[in-house]
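Please read the structure below before turning to the comments.
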Amino acid sequence: MANSVWTRPPRSRGAQPTLSRDQIVRAAIELLDEKGLDGLSMRRLGSRLAAGATSLYWYVATKDELLELVVDEIMGEIEVPEVEAADWRTAAAAIAHGMRGMILRHPWVTGLFGVRPNMGPNAMRMSDRVVGMLTAAGFTGVPVAYASSLLLSHAIGSATTEAAWRRSIAPSGKTADEVIDEMRPYIDEVAAQYPNYGAWWQENRTINVNEMQDDNFAFGVERLLDGLQSWLDRRDAGDRHDAGRP
């Protein structure tokens, strides 16, 4: 954390820099969206910006610093409602859906979570509002972190799997439903060996894959929120019971 870009002031080439850090970050995101993590190099980024790789180091000291900057920039795409603007369940669902959407737009980011400190202004703003939202809902102490981790882990895990699926079928040029259609003969053939799955498969042959992924994620979010609310209710009931003891 001592080496984080956020613990030092922005680097500048001089009083009239030819580039800005924001320009570099935006160009890096575009390159990452096109090429992925393996496709980002300071030389390639410099070429895109019509600047030498060496000159970029006037603005960011290392590639790792640049990656910290781009992660925080895309974290700013996530809708984070004000605590007073929505009830906690609506706000929590919006954050979870926002995290999933951001990852699906920038799937390379999953390779950076946990690698470098995520403590830029956008990430901190999100964390601050999540803490405020959960505190207003009635969470206190360490369970605030537990509840936040539960929601964001669902979003990151689901989006990572979905992004991998999209990446795997992209070279074929086919839609997800077309890929599933190609798998049907095999599944029909082996269904008798797996009767539970086979029966479910026959009953749900017309599922739209993209809609199912959206619904699957929303179902998970709502059940997590149900569970968190149930935990709050049980805790509060226990507190009232304890308070009534002589």
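The values are calculated or read from the model by the stated rules, or taken from the named source; none is laboratory data. This is a predicted model, so every value here is computed, not measured. Quick reminder, even Gly has a Cβ in these numbers, built from the backbone with ideal geometry, and neighbours come from all protein chains shown. We work out accessible area using only protein heavy atoms, side chains counted, and drop any ligands, DNA or RNA first. Shrake-Rupley method; radii C 1.70, N 1.55, O 1.52, S 1.80 Å.
Could you identify which residue out of 199, 53, 28 has the top mean-square fluctuation in a GNM of the chain using Cα springs shorter than 10 Å?
Of 199, 53, 28, the Gaussian network model singles out 199 as fluctuating most.
Quick one: divide the alpha-carbon radius of gyration of the range 76-206 by 2.2 N^0.38 Å and tell me what you get. Don't skip to the end; give the middle numbers.
Working: Rg = 19.5 Å, N = 131, 2.2 N^0.38 = 14.0 Å.
For the range 76-206, the normalised Cα radius of gyration comes out at 1.39.
State, to one decimal in nm, how far the label point of residue 239 lies from the label point of residue 201, with both points 7 Å from Cα in the Cβ direction.
Roughly 5.1 nm, to one decimal.
Report the full-extension gain for the segment residue 61 to residue 218: residue separation times 0.36 nm, less the Cα-Cα distance, to one decimal in nm.
52.5 nm
Bin by bin, in steps of 5 Å, what percent of the Cα pairs in the chain do you find, going until the bin that has the longest distance?
1, 5, 10, 13, 13, 13, 11, 10, 9, 6, 4, 2, 1, 1, 0, 0
Rounded to the nearest 500 deg cm²/dmol, what is the calculated helix-only ellipticity per residue at 222 nm for the chain, with -39500 (n - 2.57) per DSSP H run of length n ≥ 4? Intermediate values should be presented prior to the final figure.
Values: 10 runs with 160 residues, N = 246.
Estimated from H runs of four or more residues: -21500 deg cm²/dmol.
Rounded to a whole number, what % of the accessible area of the range 122-246 do carbon and sulfur atoms account for, probe 1.4 Å?
Its accessible area is 57 percent carbon and sulfur atoms.
Select from the chain the helices, each a whole stretch of DSSP H, whose alpha-carbon atoms run 30 Å or more along the helix axis and whose Kyte-Doolittle mean is at least 0.0; answer none if there are none. Spell out each step's value before the answer.
On the way: long enough: 143-169 (39 Å, 0.37); 209-243 (51 Å, -0.95).
Once both thresholds are applied, what remains is 143-169.
Kindly identify the range 149-208 as rounded, prolate or oblate by the Cα gyration tensor criterion: order the square roots of the eigenvalues as a ≥ b ≥ c, call it rounded if a/c is under 1.5, otherwise compare a/b with b/c, prolate if a/b is larger, else oblate.
Judged from the Cα gyration tensor, the range 149-208 comes out oblate (a/c at least 1.5, b/c at or above a/b).
Work out, step by step, the length gained on full extension between residue 105 and residue 161: first 0.36 nm times the residue separation, then minus their alpha carbon distance; give nm to one decimal.
Result: 18.8 nm gained on full extension.
List the relative contact order of the range 59-201 as a percent without decimals, with contacts defined as Cα pairs under 8 Å and 6+ residues apart.
25
Can you tell me the relative contact order of the chain? Whole percent, Cα pairs under 8 Å, sequence separation 6 or more. Mind showing how you got there, number by number?
Working: 192 pairs, mean separation 43.1, N = 246.
Normalised by residue count, the contact order of the chain is 18 percent.
Quick one: length gained pulling residue 50 to residue 182 fully straight, 0.36 nm per residue minus the C-alpha distance? Could the numbers behind the result be given before it?
Details: separation 132, 0.36 × 132 = 47.52 nm, distance 4.55 nm.
The residue 50-residue 182 span can extend by a further 43.0 nm.
Of 116, 166, which has the most accessible area with a 1.4 Å probe, and how do the rest follow in descending order?
Details: 116 70, 166 110 Å².
Sorted by accessible area, descending: 166, 116.
Using the heavy atoms of the protein chains and a 1.4 angstrom probe, tell me the accessible area per residue for the range 47-117 in square angstrom.
On the way: 2990 Å² over 71 residues.
Counting only protein heavy atoms, the per-residue value for the range 47-117 is 42 Å².
Using the heavy atoms of the protein chains and a 1.4 angstrom probe, tell me the accessible area per residue for the range 129-218 in square angstrom.
62
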